[in-house]
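These notes are about the structure you will find just below.
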Amino acid sequence: MTHRFYITPKELNLKNETAVIIGAEYDHASKALRLGVGDEIELFDGRGNVFDAKIVSAEKKMYHVDIKEKFKEDLDYSLAVYIGLPKGRKMDVIVNMLTQAGATLIGAYKSKYTEAKGGAEKAQRLNKIAVESCKQSKRSWLPKISPGLEFGDMLREIKGAKKTVVFYENADSYIEPEQFKSDDLALIIGPEGGFAQEEIESLKGGNVIISRLSDAILRVETAALAAVQLGRYAQLA
């Protein structure tokens, strides 16, 4: 199996077809995987670019690699997911799972009954989790991660989506599978404390569908993954 590593633009020199592996990626390659000169690896930049490469030299805390071949994976869909900001480290689990499942944007919003505070300060840690999930799942596009959105910010963002599905435990009905069909889909999962009635009213109208997701009350992590899997399956079918 060819091991995969994340690389940033400053570590990549496409003109010379070379790159360097440093920091946490170097530590993982050298200490955990015991890779060295002559080993073939795969690089990705989180923007759809994938590179077959080979380690050609090493120095303290750095591998130099030659790029052998470049591939471009197009992103032909949008799948944005907005979750009521959860307590504790639940966003770590959510970002891990939703990145693997194919979400292109993962946002956490504050609402009237949201119990968790903050959110924006978690962005760096959550981005690192998304990188590891991309490496594991062989996805080449990192999702945009927006923790700590205000409710109004989320409302403005979803206006750009062709279709939005709001999952609400008190909705009258379930969405039909064919209603998920859209290459530009936004999904909204309610907060752990539930939606306030005025929040549901503000979400109604336009291209928004309000639906139940399950006949049970799901954990936010479970609901988010189930919703994304439904949406992505509809996009692929």
Exercise for review: Name the residue farthest towards the positive end of the dipole of region 126-199 from the options Ala130, Leu185, Val165, assuming +1 on Cβ of Lys and Arg, -1 on Cβ of Asp and Glu, about the Cα centre.
Suggested key: Ala130
Check your understanding: Arranged by the count of other C-beta atoms within 10 angstrom, fewest first, what order do Lys72, Lys112, Lys135 take?
Key -> Lys72, Lys112, Lys135
Check your understanding: Taking Cα centroids, how far is region 189-237 from region 160-180 in Å?
Key -> 7 Å
**Study point:** Sequence of Leu225, Leu98 once ranked by neighbouring C-beta atoms within 10 Å, starting from the fewest
**Key:** Leu225, Leu98
Check your understanding: Taking K and R as +1 and D and E as -1, what net charge do the other residues with C-beta under 12 Å from the C-beta of Ser78 add up to?
Key -> 0
Review point. For Lys68, which aspartates and glutamates qualify as cross-link partners when the Cα separation must be under 19 Å and same-chain residues fewer than eight apart are set aside?
Key: Glu11, Glu17, Asp39, Glu40, Glu42, Asp45, Asp52
Check your understanding: Using θ = phi - 60° and the Karplus curve 6.51 cos²θ - 1.76 cosθ + 1.60, what whole-Hz ³J(HN,Hα) does each residue of region 38-44 get, with Gly and Pro shown as x?
Key -> x, 6, 8, 9, 10, 10, 9
Practice item. Please identify every one of the trypsin sites (Lys or Arg not before Pro) in region 186-237 that sits in a loop by DSSP and has no more than 15 other beta carbons within 10 Å of its own beta carbon. Key: Lys204, Arg219
**Study point:** Packing-based exposure ordering (other Cβ within 10 Å, fewest first) of Glu198, Glu40
**Key:** Glu198, Glu40
Check your understanding: What is the calculated FRET efficiency for Met62 to Lys15, with r their C-beta to C-beta distance and R₀ = 30 Å, to the nearest 0.05?
Key -> 0.95
Revision key, fill the gap. Relative contact order as a percentage, the chain, C-alpha pairs under 8 Å and 6+ apart, gives 19 percent
Review point. Put +1 on the Cβ of every Lys and Arg and -1 on every Asp and Glu Cβ in the chain; which of Ile7, Ala234, Ser211 then has its Cα farthest towards the positive end of the dipole?
Key: Ile7
Point to revise | Eligible lysines near Lys72 by straight Cα distance, threshold 25 Å, same-chain separation 8 or greater | key: Lys10, Lys15, Lys54, Lys128, Lys135, Lys138, Lys144
Revision key, fill the gap. Counting sequence-distant residues (5 or more places) and residues on other chains, those with an amide H built under 5 Å from that of Ser78 are Asp184, Leu185
Review point. By a straight-distance test (C-alpha under 16 Å), which aspartates and glutamates pair with Lys163 as possible cross-link partners, with residues fewer than eight away in the same chain excluded?
Key: Asp76, Glu176, Glu178, Asp183, Asp184
Point to revise | Structure-derived Rg/Rh (Cα atoms, Kirkwood Rh): which label, when the choices are (i) 1.05; (ii) 0.98; (iii) 1.00 | key: (i)
Check your understanding: Is region 4-72 rounded, prolate or oblate when judged by the Cα gyration tensor, a ≥ b ≥ c being the square roots of its eigenvalues, rounded requiring a/c under 1.5 and prolate requiring a/b larger than b/c?
Key -> prolate
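Bear in mind that the values in this text are calculations on the coordinates, not laboratory data. All values derive from a computational prediction rather than experimental measurement. Methodologically, a virtual Cβ is constructed for each residue, glycine included, from the backbone with ideal geometry; neighbour enumeration extends over all protein chains shown.
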